[in-house]
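K.L.:
I'd like to ask some things about the structure below.
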Amino acid sequence: MNHKIPETMKALVLPSPGEYEIQEIAVPRPQPQEVLCRIRGVAICGSDPELVHGGLAGYWPPSYPFVPGHEWAGEVVSIGPGVTDFQPGDRVAGEAWKGCGTCCNCVEGRYNLCRNYGKPETGMRHYGFRNQGAYAQYNVYSVKSIHKMPEHIRFVEGALVDTAGVAVHGAELTGITPGGTVAVIGPGPIGIMAMRIAKILGASRVIAVGRKGRLEAAGRLVADISVDFEKEDPVAGVKEATDGFGADEVFEASGAEGTLNQAIRMVKPGGRIGLLGVPPESVEEKVPFKYVCRNEITIIGVKANPNASRKVISLIGSGKLEVKDVITHVFPLQEFSKALDTFENRREGAVKVVLEPNGPEI
């Protein structure tokens, strides 16, 4: 690959909390065990709007100016000292996390629970949250945070590897009952991926619980049964669809108030619940303690997508996991405001919105 790397690039910069603008900034240079990537597709994640609007200022990001964005795919254009497994021209999908590599959690492979979070001197990185992210034409990444993609996976599809990885991690933690029924509360991008992963892993039916455009999209793309919570009680709807028994597994993918209790009531005795959605700090639910104990219900928290990217890339590459039909809108980076508005307000049936900082792939 013969790519001339410019001195400056266009990037979406947050100069201060609640403000954002397209700026011309310096292209970073890779350090040891890092690569410089040309960002070809970056998807808006449900966590991005709060970060962009300054709702987590001081934590995500820790300081300003800052470039957000963490669901991306692109191509390696330069390698830093000591890099041997990647070369310029490699197509890659990224993930947000890199642990310190030495704490007990990292050693166990649970780098999403790194005990040195927020300590960059240890090597810990959280791209797009605490470290500069992918809403830019270029960015540097640790070799531990990128994964090679085959030629036939397009960059906009690779930008969804992170999204699908959350669903894979959740399914691995909860398990999927072969021939069973899975209910998913919140049929957004992660919820739709959770339904598809559940079917790949052996579920015979999936039930989508939601409303309006996203429920319609889930029914069109993957769900066997749709339960509209604006028209019926969601617990009753799932129970009716399972002959009163309940779903084998339930995934909560909305983070909305009240849905944990719904999940507890709609899962079968002995069933498992995976919490994929990220609720606001203000959401605290009283749990029917005795009901959970008497019915041996397992509730599992799910955080990010550790060790899932290679599996997702393999599934997409083999054709077993479809992601491109979830992408409803694609914008250039310069139209970030329109892209964010489309995503936040779900305009024109928006499900997944992707930006192309370096133009469309030919």
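Nothing in this text is a laboratory measurement; each read-out follows from the coordinates by a stated rule. These figures come from a predicted structure and were not determined experimentally. Quick reminder, even Gly has a Cβ in these numbers, built from the backbone with ideal geometry, and neighbours come from all protein chains shown.
K.L.:
Just Gly41, Gly55, Gly128 to compare: in a GNM of the chain, with alpha carbon springs under 10 Å, which one fluctuates most?
P.N.:
Maximum among the listed residues: Gly55.
K.L.:
Based on DSSP H runs of at least 4 residues, each adding -39500 (n - 2.57), what is the mean residue ellipticity at 222 nm of the chain after dividing by all its residues, to the nearest 500 deg cm²/dmol? Please list the in-between numbers first.
P.N.:
Values: 11 runs with 90 residues, N = 362.
When only DSSP H runs of four or more count, the value is -6500 deg cm²/dmol.
K.L.:
In addition: Restricted to Cα positions, what overall size does the range 257-362 have along the principal axes? Three whole-Å values, descending.
P.N.:
57, 35, 23
K.L.:
Shifting gears a bit: Between Lys324 and Cys293, what length comes free when the chain is fully extended (0.36 nm per residue of separation minus the Cα-Cα distance, one decimal in nm)?
P.N.:
On the way: separation 31, 0.36 × 31 = 11.16 nm, distance 4.11 nm.
Length gained, Lys324 through Cys293: 7.0 nm.
K.L.:
Which ³J(HN,Hα) values in Hz, rounded to whole numbers, follow from the phi angles of the range 45-56 under the Karplus curve 6.51 cos²θ - 1.76 cosθ + 1.60, where θ = phi - 60° and Gly and Pro get x?
P.N.:
The phi angles translate into 9, x, 7, 5, x, 5, 5, 5, 7, x, x, 10 Hz.
K.L.:
Moving to a separate point now. Just the ratio, please: alpha-carbon radius of gyration of the range 304-347 over 2.2 N^0.38 Å, N its number of residues.
P.N.:
On the way: Rg = 14.2 Å, N = 44, 2.2 N^0.38 = 9.3 Å.
That ratio works out to 1.53.
K.L.:
Just order 283-291, 303-311, 139-147 by mean Cβ neighbour count inside 10 Å, highest at the front, would you? Mind dumping the intermediate values first?
P.N.:
Working: 283-291: 10.9, 303-311: 19.2, 139-147: 23.0.
Final packing ranking: 139-147, 303-311, 283-291.
K.L.:
By the scheme Lys and Arg +1, Asp and Glu -1, what is the net charge of all other residues having a beta-carbon under 10 Å from that of Cys104?
P.N.:
+1
K.L.:
Further question on the same structure: Near Lys311, which lysines are there with a Cα under 28 Å away, not counting those fewer than 8 places off in the same chain?
P.N.:
Reachable lysines: Lys98, Lys144, Lys148, Lys199, Lys303, Lys320, Lys324, Lys352.
K.L.:
Rounded to whole Hz and in sequence order, give me ³J(HN,Hα) for the range 79-96 from the Karplus expression 6.51 cos²θ - 1.76 cosθ + 1.60, θ = phi - 60°, writing x for Gly and Pro.
P.N.:
Working through the residues one at a time gives 10, x, x, x, 7, 10, 8, 10, 9, x, x, 5, 8, 9, 10, x, 10, 6 Hz.
K.L.:
Add +1 for every Lys or Arg and -1 for every Asp or Glu among the other residues with Cβ under 10 Å from the Cβ of Arg125, and state the total.
P.N.:
Here the charged neighbours net out to +2.
K.L.:
Take the alpha-carbon centre of the range 3-51, take the same for the range 73-102, and report the distance between them in whole Å.
P.N.:
16
K.L.:
So what is the relative contact order for the range 164-301, in percent, with contacts set as C-alpha pairs under 8 Å and at least six apart?
P.N.:
23
K.L.:
Follow-up. Show the residues, 5+ positions off or on another chain, whose built amide H is closer than 5 Å to the amide H of Phe331.
P.N.:
Counting only residues 5 or more places away or on other chains, the set is Val354, Leu355, Glu356.
K.L.:
So, one more: How are the alpha carbon pair distances in the chain distributed across 10 Å bins from zero to the largest one, expressed in percent?
P.N.:
For the chain, the pair-distance distribution reads 5, 25, 33, 24, 10, 2, 0.
K.L.:
Additional query: Amide H to amide H, which residues 5 or more places from Arg40 or on other chains are under 5 Å from it, using H placed in the peptide plane?
P.N.:
Ala73, Gly74, Glu75
K.L.:
Also, I was wondering about something else. Note down, for the range 236-283, the three equivalent ellipsoid semi-axes (square root of 5 times each alpha carbon gyration tensor eigenvalue), biggest first, whole angstrom.
P.N.:
21, 10, 8
K.L.:
In whole angstrom, note down how far apart the Cα centers of the range 231-281 and the range 288-333 are.
P.N.:
16
K.L.:
Run through the range 1-70 and list the trypsin sites (Lys or Arg not before Pro) located in a DSSP loop whose Cβ has at most 13 other Cβ atoms within 10 Å.
P.N.:
Within the range 1-70, the qualifying trypsin sites (Lys or Arg not before Pro) (loop, at most 13 other Cβ atoms within 10 Å) are Lys4.
K.L.:
Describe numerically, in nm with one decimal, the distance between label points set 7 Å from Cα along Cα→Cβ at Ser16 and at Asp228.
P.N.:
4.6
K.L.:
Going out from 0 in 10 Å bins, what whole percent of all Cα-Cα distances in the range 164-301 drops into each bin?
P.N.:
Reading the bins upward from 0: 14, 50, 33, 3.
K.L.:
Using θ = phi - 60° and the Karplus curve 6.51 cos²θ - 1.76 cosθ + 1.60, what whole-Hz ³J(HN,Hα) does each residue of the range 115-129 get, with Gly and Pro shown as x?
P.N.:
6, 10, 4, x, 10, x, 5, 8, x, 5, 9, 9, 5, x, 10
K.L.:
For Glu240, what is the net charge nearby, where nearby means another residue's Cβ is under 10 Å from its Cβ and Lys, Arg count +1, Asp, Glu -1?
P.N.:
-2
K.L.:
Go ahead and set up a Gaussian network model of the chain, Cα springs under 10 Å, then flag whichever of His70, His152, His169 fluctuates most.
P.N.:
Judging by the Gaussian network model, the answer is His152.
K.L.:
Given a Förster distance of 41 angstrom, what is the FRET efficiency for Glu348 paired with Glu24, based on the Cβ-Cβ distance and rounded to 0.05?
P.N.:
Plugging the Cβ-Cβ distance into 1/(1 + (r/R0)^6) gives 0.85.
K.L.:
What is the gain in length, in nm to one decimal, between Ser282 and Lys338 on full extension, counting 0.36 nm per residue of separation less the C-alpha to C-alpha distance? All intermediate terms of the calculation are to be shown ahead of the outcome.
P.N.:
Values: separation 56, 0.36 × 56 = 20.16 nm, distance 2.88 nm.
Extending this stretch completely gives an extra 17.3 nm.
K.L.:
Scan around Ala247 for amide H atoms under 5 Å from its own, H built in the peptide plane at 1.01 Å from N, and keep only partners 5 or more places away or cross-chain.
P.N.:
Correct list: Val267, Lys268.
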